[in-house]
Structures are given as structure tokens and as C-alpha cells.
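For reference, the structure is listed below as C-alpha cells.
The values are calculated or read from the model by the stated rules, or taken from the named source; none is laboratory data. Since this is a predicted model, take the numbers as computed values, not measurements. All Cβ positions, glycine included, derive from the backbone under ideal geometry; neighbour counts span all protein chains shown. Only protein heavy atoms, including side chains, enter the accessible area calculation; ligands, DNA and RNA are left aside. Shrake-Rupley method; radii C 1.70, N 1.55, O 1.52, S 1.80 Å.
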Amino acid sequence: MSPEATDYAATIREDGNSVVILDQTRLPSETVFVSLNTLADAAHAIRAMQVRGAPLIGATAAYGVALGLADDASDARLNRVIETLAATRPTAINLHWALERMRRVLQESALAARRDVAWKEARAIANEDEAANAAIGQNGLPLIERICRSGDVVNVMTHCNAGRLATVEHGTALAPVYAAQAAGIPVHVWVSETRPRNQGLLTAWELREAGVPHTLIADNAAGLLLMQGKVDLVIVGADRIAANGDAANKVGTYLKALAARAHGVPFYVAAPLSTIDFACPSGAAIPIEERAAEEFGVAVGNPATPVANPAFDVTPAALISGIVSERGIAQAGELGQWRPGT
Ligand code: MRU
């Protein structure tokens, strides 16, 4: 949360004893900021997807702990606060990573100091996210530079929104795109709509704000574009990466990975280390959030028709060309080198 980041539509920022978020349910038609003053506000913001994207969910949850301890910083209250926030969304591990970090730090802190410590630690989590994503941008830049040697525009395909809106700053999948733009490399992004919640419209919004050329496509058009050679590189984000490199991300990612493999297009996942769940052995153990049928919209047929709405899917490590983190680029099978303490 650098001062520059607050000059425009910052996704999250402190404001005295509250936290101000950019309400992503109102984008792209309106830019509305919402003040979070209580634990309930923070939990609602995550559940209702006013904030979304794994890293931003993590930072919001950390601030939610600080808000939740305002009147009572006891162990019992801390446990209740963490439990409430942990129940908001199941797939993004950044949420649980941030909450466990807050728990560890706060349990070690004297009761009287806990409120201050909570704000300080939440701020540290937010600032570290910004720094990690900046590093992801630099580490992913060579993937785009390499393709650009021909001098032509580099066509990147992404899915969902793993841009600055999904993080405290810079984005993950879009961080290398922004780094390429800053380096003067001509880049164009294929943005898939991302049914049913249309996070692709958020990606289009932020790319437009940043002046990055892009084109919105229906999700089902991705295979054709990959077949036609119109995509040089696919970069997506992740909500949870298992220890073996399987990566959960917004539903539809797996289909893009399959089509990219079929047509020889590199497929990269960009995520901070806070997205890697070393306790989760493989993608099969990642909980997949099931969301409400209402997300399909009123236009969907008969209300008596059952609807399944899994919000994420898992791309097997074998389909992933590499994982870009703040530490560099690793093959999906080599994540052990990034295990904490190594
Ligand atoms: O349901 P959402 O919008 O929170 O899902 C977001 C994604 O799937 C993103 O790709 C992922 O969180 C990475 S964000 C840098």
C-alpha cells in the first residue's frame, strides 16, 4: 500500500480505525468505496465478493482480525474472530494463511498490545503482498521478452481477474503484463468473460485504466484462438497451489490449460508463496467452493432445473509450464525449494 497506490482506486487502504475497500461488486459500471468498521463488515466483504482474488482476500481477512479485536482482544475472542473469517470462502488458501499468521503473532503478544500488533501485522501482510507481486512482475517479464524478440505484439491470454484488483497492488498473472508495458514491449491481452461472475470485465476495466490493449472474448472462444495461433502465452493466477504443483483457479482455467497443451502454447501460473499450500499434497485435496445458483442470472431457464456452480477447477501440474512467484520461476514439480525455511 504505497502512497502512490492510494492515489487511484486502491483495492484496500487503512483509514483511521477502519479499512476502505473498492467494492468490486459495483465495478465496472461504478467506482464505489466502502468502509469496513467491524468484523462483520470484513466477513461480509469477503463472502459477498466486494473484495475478491486470493491475495486481496488474505489481506482483508488480516484487517478483519484487527477490526474484530477492537473491543476485546482475549484468546477466546481471537479464536471466534478467526473462525468467522475462515468460514467466508473455502478455496483461496491466502485467507487461511493470513489468519494463521495473525493467530501466531497475536498469541505471542501481550494482551494489552494486541490491537496495535494486529494492525501492524495486517499492514505487513498487505505491504508484503504488494512487494511479492512486483517481484512476480519482474520474474515473469522474461517470458514475454523472449516471445517479443520477433518484435511483434505479444498476445497473452488470461482468465478471471488476477490483476491489481485481485491483490493489494500489481496483480499476479497481470504483473508480468504491466512489467512488459513498462519496459515498452507491445503486449495485448485476451480476456475471457469468466462466467458466471464475469471477473473478465474487471480485468478489462483495469487493463483499460492502465492503457494495456486487450480484447474481451466469451469463455468458449479460448480454444479457437489457441488453435488459430493467436495466443503466445497463457498466464493465470491461482487460489491454492498444492505441494505437487496442481493449481486451483477460477473455473474454466483447466480447459484453457488443456487447449494450450494441445496447441503447444506455454501455460504459466503466477502466484505469491502465500498461495502455495504445502500441507495439501495434491489438487484432489483442495476444497472447491460451490456457489449459489443465482449467479447464473435470471435468464437461466426453469428455476426447477438443478444448477451446479463450482467456482474453481484444478489444473494438474503436468499441464503447467511453470509457476512464477516472488522467488522466480519453478517447474510445478520443484516447489519444494520454496517451502518455508528452505
Ligand atoms: O472468485 P474470485 O473472483 O475470488 O476468484 C479469483 C481467482 O480465481 C483468481 O484468479 C485468483 O484468486 C488469483 S488472484 C491474483
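Numbers below:
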read-out	value
Pairs, first touching a residue at least 40 places away in the same chain (Cβ under 8 Å) in the stretch 34-56, second open to solvent by 20 Å² or more (accessible area, probe 1.4 Å) and among the β-branched types (Val, Ile, Thr), C-beta under 7 Å, six or more apart	Leu39/Thr84; Ala43/Thr84; Met49/Thr25
Scope the stretch 74-96; condition open to solvent by 10 Å² or more (accessible area, probe 1.4 Å) and more than 13 Å from the ligand (Cβ to nearest atom); matching residues	Ser74, Asp75, Ala76, Arg77, Asn79, Arg80, Glu83, Thr84, Ala86, Ala87, His96
Candidate set from the stretch 204-219 (those that are part of a loop (DSSP other than H, G, I, E, B) and farther than 24 Å from Asp129 by Cβ); member that is least open to solvent (accessible area, probe 1.4 Å)	Ala218
Subset of the stretch 321-342 [part of a strand (DSSP E or B), within 16 Å of the ligand (Cβ to nearest atom) and not aliphatic (A, V, I, L, M)]	Ser325
Qualifying residue in the stretch 17-40 (condition: closer than 27 Å to Pro287 by Cα, more than 16 Å from the ligand (Cβ to nearest atom) and open to solvent by 10 Å² or more (accessible area, probe 1.4 Å))	yes
In the stretch 266-283, the residues that are over 19 Å from Gly53 (Cβ atoms) and either within 12 Å of the ligand (Cβ to nearest atom) or open to solvent by 20 Å² or more (accessible area, probe 1.4 Å) (or both)	Pro266, Phe278, Ala279, Pro281, Ser282
The one condition in (1) among the β-branched types (Val, Ile, Thr); (2) surrounded by 18 or more Cβ atoms within 10 Å (Cβ to Cβ); (3) within 30 Å of Val187 (Cβ to Cβ) that Ile286 fails to fulfil	(3)
Test: Val51 is part of a strand (DSSP E or B) and buried (at least 20 other Cβ atoms within 10 Å of the Cβ)	no
Selection count where residues are in contact with a helix residue (DSSP H, G or I) (Cβ under 7 Å, 6 or more places away or on another chain) and among the small types (Gly, Ala, Ser), scope the stretch 211-243	6
Residues of the stretch 151-210 that turn out to be more than 9 Å from the ligand (Cβ to nearest atom), among the small types (Gly, Ala, Ser) and in contact with an Asp or Glu (Cβ under 6 Å, 6 or more places away or on another chain), as a count	2
